[in-house]
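In what follows, a structure is listed as structure tokens, so that the remarks can point back to it.
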Amino acid sequence: EWFITKKSNMTETHKGHIMGRLKNYIFPYIGNKSIKEISRKDIINIVENGKSKNIIETTKRVIGIIREIFKYAIVLGRTESDITYALDELLPASDKEHYSAITQDTQRLGEILNLFRTYNKNGDVSSIVASTLLQIGPMLFQRPSELRKAKWKEINFTTAEWRYFVTKTKTNHIVPLSKQAVALLKKLKKYTGDSEFVFPNRNSDSREVSNSTVHTLYRRLGIQKEEQCEHGWRATARTILDENLHYPIPQIEMQLAHVVVDTNGRAYNRTVYLEARKTMMQAWSDFLEELANNPNIDIKELEKKYSYKY
């Protein structure tokens, strides 16, 4: 009722964002309750769910929507108080406190992606390794340590997949590889295929590339640590895939190698949503490529082109 009343003043994009948050984060918890039956504990559960998934900024917006609905209900005499008061205090100030990530400034995002694409200092093997790592990180948005340790035996070009064991969650994981990712890896294999590691260390191909190498590259390219870090691509992808491209949260969470459970609390098998995730990962790479080609493009054009097809 609130949405119907307010939607005439919203853009189509904003309406999509609001309805997506209602369906993904609010309805599953309190959608079947009368507003008088909803308790503060119910809303706290929504906050805690957001914290557990580390979707802090999205959860803040979700609480904002619930607050607006309660204000609407108070005006109509449907309820007497706003039980969302001060619940924001349960959330960290910002995702950026943990890992800096660009989630709104798509122009700067496109500029950074273009810097990655054009980086190749000397054309030697170490530069090709660095260039590939820079470009493929945003495409795959896996944990940086896992990406640096990727091994050629885990890469299957026939199925276009990277399958590896996630050390943090102790689970097997499948990363669908987009056409762009496959092209980058095939080119790289000509140079590092004799090594166990996809991204070998310049001093010894029996070790993966060092963490400091990537940090140094970011600073050399003028990317400040407060702006974007390697781990921040996970937050960038999670936010844009959800809020701009409207992909289902379970698909995104599965691709982030987070444990996703069913209604009975059982963890889903790693192959769940695999075909859907392949489509999502290709759309994400296409989105990034177009943004790198034209950082000034209107984000709404990209949203129309690459949004999830319901």
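The values are calculated or read from the model by the stated rules, or taken from the named source; none is laboratory data. Please read all numbers here as calculations on a predicted model, not as lab measurements. Neighbour counts run over all protein chains shown; Cβ positions are idealised from the backbone, glycine included. Areas reflect the complete protein model, heavy atoms only, side chains present, ligands, DNA and RNA absent. Shrake-Rupley method; radii C 1.70, N 1.55, O 1.52, S 1.80 Å.
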Task: Cα long-axis angle, helix 274-293 against the chain (0 to 90 degrees, to the nearest 10) - done: 80 degrees
TODO: Determine the share of the chain's accessible area contributed by carbon and sulfur atoms, expressed in whole percent, with a 1.4 angstrom probe.
DONE: 49 percent
Open item on the list: Helix-only mean residue ellipticity at 222 nm, the chain, DSSP H runs n ≥ 4 weighted -39,500 (n - 2.57), per residue, nearest 500. What is it?
Closed with: -15500 deg cm²/dmol
- [ ] Calculate how steeply helix 125-140 sits against the longest principal axis of the alpha-carbon atoms of the chain, using the helix alpha-carbon long axis, and give the answer as 0 to 90 degrees to the nearest 10.
- [x] 20 degrees
Open item on the list: Taking the full set of protein chains and a 1.4 angstrom probe, give the accessible area of Phe157 in square angstrom, rounded to the nearest 10.
Closed with: 60 Å²
TODO: Would you grab the residues whose amide H sits under 5 Å from the one on Glu161? Only those 5+ places off in sequence or on another chain, please, with H modelled 1.01 Å from N.
DONE: Asn156, Leu177
- [ ] Please give the helix 40-52 orientation as an angle from the longest Cα principal axis of the chain, in degrees from 0 to 90, rounded to the nearest 10.
- [x] 0 degrees
- [ ] First measure r as the distance between the Cβ atoms of Ser8 and Tyr119, then evaluate 1/(1 + (r/R0)^6) with R0 = 51 Å and state the FRET efficiency to the nearest 0.05.
- [x] 0.60
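Please work out the Cα convex hull volume for the chain and give it in Å³ per residue.
Hull volume normalised by residue count: 139 Å³.
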Open item on the list: Contact order normalised by length for the chain, with contacts defined as Cα pairs under 8 Å and 6 or more residues apart; what percent is it?
Closed with: 21 percent
Open item on the list: I'd like to check one number: the per residue accessible area of the chain, probe 1.4 Å, reported in Å² as a whole number.
Closed with: 51 Å²
TODO: Distance from a point 7 Å along Cα→Cβ of Met19 to each backbone N in the stretch 289-310: keep the residues under 11 Å and list them by number.
DONE: 310
